[in-house]
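Notes for the one structure printed next.
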Amino acid sequence: MPPQRDAYASIRQRAARALLESTTLDGAVAEILGAISNELDWPLAIYWLDGADDHRLHCRSIWAAETLKRADVVEASRIAIVSPDAEDDPVGRAYGRRQPVWIEHLAGAGAAAGTRVALAIDAGLESLAAFPIADHAGAVGAIELYASRARRMPLNCQRAPGGKKLR
């Protein structure tokens, strides 16, 4: 089996085990974030959930590589509350538009000083992928992944249903 397929199989197994063994969804998601981060080389992964009271995204879990645990982007994400119409925040944009956001080169994203994207750049992160999590009623949260090297969007992620190009 090719290495990437092995990684996907490992993630599926770890996710299934986490969902079966964890006493909370947040605990299971934390384990799944760790699997994605370790197996697919995304050193920072963040799970966001819609707040029932304010319909804004609240950070529920963060998995960070040892080198990033004290990075400002981790702390800023931990306390952030992101509006679904926050066009300057990729996770807010992914959640609000209900489609993935992929930024291959964060440095070219035009991030304002002090934003989470700018803090990610300061931490040496290069790429970002954010995508909504949905159930039968619609989007309920989002997952955000950061890479320390430029990563191109996979071909199977470049078009939304109906053929609309994503970016």
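The values are calculated or read from the model by the stated rules, or taken from the named source; none is laboratory data. Source: prediction; values computed, not measured. Please note: Cβ atoms are built from the backbone with ideal geometry, for glycine as well, and neighbour counts cover all protein chains shown.
Sub-9 Å Cβ pairs linking a first residue in the range 110-126 that is surrounded by 17 or more Cβ atoms within 10 Å (Cβ to Cβ) to a second residue that is of a type in the set (Lys, Arg) and not in a helix (DSSP H, G or I), at least 6 apart or interchain, are GLU126/ARG149; GLU126/ARG151, ordered by first then second residue.
Condition check ((1) free of Cβ contacts under 8 Å to residues at least 40 places away in the same chain; (2) under 13 Å from the mean Cα position of the chain (by Cα); (3) under 21 Å from ALA134 (Cβ atoms); (4) outside the structural domain of GLU144 (by TED's automatic domain parsing)) across all residues:
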| residue | (1), (2), (3), (4) |
| --- | --- |
| GLU21 | yes, no, no, yes |
| VAL29 | yes, yes, yes, yes |
| GLY34 | yes, yes, no, yes |
| ASP50 | no, no, yes, no |
| ASP53 | yes, no, yes, no |
| LYS69 | yes, no, no, no |
| ASP85 | yes, no, yes, no |
| TRP102 | no, yes, yes, no |
| ALA107 | yes, no, no, no |
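Among strands (runs of 3 or more DSSP E) entirely within the range 13-128, having at least 2 residues that are within 14 Å of GLY141 (Cβ to Cβ) singles out 44-50, 57-64.
The numbered conditions (1) within 19 Å of LEU68 (Cα to Cα); (2) touching a strand residue (DSSP E or B) at 6+ places or on another chain (Cβ under 9 Å); (3) surrounded by 14 or more Cβ atoms within 10 Å (Cβ to Cβ); (4) not aliphatic (A, V, I, L, M) are all true for HIS105 except (3).
Number of residues in the range 32-72 that are under 17 Å from GLU126 (Cα atoms), of a type in the set (Phe, Trp, Tyr) and touching a Cys at 6+ places or on another chain (Cβ under 7 Å) equals 0.
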